[in-house]
Amino acid sequence: MVHDLCPAEKYNARAFRLWTDKLNEGFRIAATSGRDWHRQEQTDEPLSVTYLLMEEHEGSITDKAVAALSAGRASVTLGPRLDLGVHFGGQLYGIGDAVPEGASPDHMIELKAAADFEARKEHWELPEQIYTLRFHSNLGMVSELPYAADSKGCNVTLSREGLRWVRAELWGTIRGIRTMIAFTNPIYFDETGRCGNAK
């Protein structure tokens, strides 16, 4: 799934909606950014990048990158790196993970999201502003909070009932246009009797 986040390109919005629809259908598909470049050209347009959360283990950087992408451990951004975690049943689950059924008797989860505004800051520029952090799921948007660049992160507590997936989105203004600046791939929630779909 390719998504470039450029607000002027309507096909990106369609691709993002299609990806969301497929997540709602139960597919676990990793979204990344990319460009159809045949040659490198200078541009002052905002360019999206994909961050991969690679594990420390034996193997080449290529093997680690493929493993991270296969597991959906990735986030996409035009600026700061966005991260997401879920605390449930005494465990912390990260992007791409699946929270098991029945890990906690009270069915409450804590969402934790943070944006790293130091990451690659020499490669992007955003005006000073208050951003919006959204937690989006198969149930729609479950929370929306203001987010400052110097924030240490946001926590939200809610019931996991009915959740199949949740992702974080960072919204703000770029060149006078209000748009999504970054998003994470989902954290998933296993359901009893759920038919598995390949990631």
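The values are calculated or read from the model by the stated rules, or taken from the named source; none is laboratory data. Bear in mind the structure is a predicted one, so any value in this text is a computation, not a measurement. Neighbour counts are summed over all protein chains in view; Cβ atoms, including those assigned to glycine, are modelled from backbone coordinates with ideal geometry. Each accessible area value is taken on the protein alone, full model and side chains, heavy atoms only, with ligands, DNA and RNA left out. Shrake-Rupley method; radii C 1.70, N 1.55, O 1.52, S 1.80 Å.
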Check your understanding: What number comes out for the charge environment of residue 153, summing +1 per Lys or Arg and -1 per Asp or Glu over other residues with Cβ under 12 Å away?
Key -> -2
Study note, to complete from the structure: trypsin sites (Lys or Arg not before Pro) in segment 129-179 lying in a DSSP loop, each with at most 13 other Cβ atoms within 10 Å of its Cβ, come to 152, 175
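Using 1/(1 + (r/R0)^6) with R0 = 22 angstrom and r between the beta carbons of residue 178 and residue 92, what's the FRET efficiency to the nearest 0.05?
0.10
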Study note, to complete from the structure: Note, segment 179-184: 3J(HN,Hα) by Karplus (6.51, -1.76, 1.60, θ = phi - 60°), whole Hz, Gly/Pro = x, goes 7, 6, 8, 8, 8, 9
Practice item. Work through the residues other than residue 80 whose Cβ is under 14 Å from its Cβ and net out their charges, Lys, Arg +1 and Asp, Glu -1. Key: -4
Exercise for review: Scan around residue 98 for amide H atoms under 5 Å from its own, H built in the peptide plane at 1.01 Å from N, and keep only partners 5 or more places away or cross-chain.
Suggested key: 188
Practice item. Report the full-extension gain for the segment residue 22 to residue 144: residue separation times 0.36 nm, less the Cα-Cα distance, to one decimal in nm. Key: 41.6 nm
Revision key, fill the gap. Rounded to a whole %, the carbon-and-sulfur portion of the accessible area of segment 114-180 at a 1.4 Å probe is 49
Revision key, fill the gap. Mean accessible area per residue over segment 68-136 (1.4 angstrom probe, all protein chains present, square angstrom) is 46
**Study point:** Gain in span if fully extended, residue 129 to residue 70, counting 0.36 nm per residue against the direct Cα distance
**Key:** 17.8 nm
Check your understanding: Hey, rough spin-label estimate for residue 171 and residue 56, points 7 angstrom out along Cα→Cβ, what's it come to in nanometres?
Key -> 3.8
Check your understanding: Quick one: if you stick a label point 7 Å off each Cα along the C-beta vector at residue 101 and residue 157, how many nm between them?
Key -> 2.6
